[in-house]
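Novice: Okay, here's the structure, questions in a sec.
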Amino acid sequence: MRLDDRAVRERMGRIEGLLHEVESLTDERAREVTLETVQALLELYGEGLGRVVALANERGQRELLEALGEDELVAHLLILHGLHPVPLETRVLEALQSVRPYLESHGGDVELVRIEEGVAYLRLQGSCHGCASSTATLRDAIEQAILEAAPDIERIEAEGVAAPGVQPLIFCPDGIRPRAKSAVA
């Protein structure tokens, strides 16, 4: 039985809910055994996926690897196990390229400065920089594109998104917040 993407997302949500229940078990031994079992299964499935990727690489199956990386569920599993065939930086650059026409239609642009320890550092540019509504529009488009292409990015920091005298902002999957004064762009 093959699940469609909606059903897969529902199953992932169910698993997440079950894991939260396991973590809240009062029986410490039951919690430890359950979490250890889940971890062992993840490691075993990760090994299996690693072998699939290695076999495809050995046999020159680049098209297969690309197709695996394009499937939503498989791509997330490959990312989870550090096996995605497309490097993180390439996925982020492709995501930025996909929103570039939209950004340009708003008089803006974006540049990837670097990726470091799960954080994508961006530089936003353009005539709309400093306008709160334009900033929110650009932020949402950029954040959505990056997180779809590279859910392994933990945080997005951008410079050039605030009016003079206003602190730069940090994009996170759970929203936007002012940057701490000690953070460096």
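None of the figures in this text is laboratory data; all of them are computed from the coordinates on show. Every value quoted in this text rests on a predicted model; they were computed, and no experiment measured them. Glycine gets a Cβ as well: all are built from the backbone with ideal geometry, and neighbour counts include every protein chain shown.
Novice: Before we move on, is Leu77 in contact with a Phe, Trp or Tyr (Cβ under 8 Å, 6 or more places away or on another chain), part of a helix (DSSP H, G or I), touching a residue at least 12 places away in the same chain (Cβ under 8 Å) and under 30 Å from Ala120 (Cβ atoms)?
Specialist: Yes, satisfied.
Novice: Shifting gears a bit: Report, by residue number, each residue of the stretch 82-113 that is among the basic types (Lys, Arg) and more than 15 Å from the chain's Cα centre (by Cα). Break it down into steps so the answer makes sense when it comes.
Specialist: As a first pass, look at the stretch 82-113 and keep what is among the basic types (Lys, Arg): 91, 100.
If the condition is that a residue be among the basic types (Lys, Arg) and more than 15 Å from the chain's Cα centre (by Cα), then Arg100 is the only one that fits.
Residue by residue, here is whether (1) surrounded by 15 or more Cβ atoms within 10 Å (Cβ to Cβ); (2) in contact with a Pro (Cβ under 9 Å, 6 or more places away or on another chain); (3) of a type in the set (Asp, Glu) holds:
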| position | (1), (2), (3) |
| --- | --- |
| Tyr45 | no, no, no |
| Glu63 | no, no, yes |
| Gly69 | yes, yes, no |
| Glu104 | no, no, yes |
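Novice: Does any residue of the stretch 6-29 turn out to be in a helix (DSSP H, G or I), free of Cβ contacts under 8 Å to residues at least 40 places away in the same chain and in contact with a Ser or Thr (Cβ under 8 Å, 6 or more places away or on another chain)?
Specialist: Yes: one or more hits.
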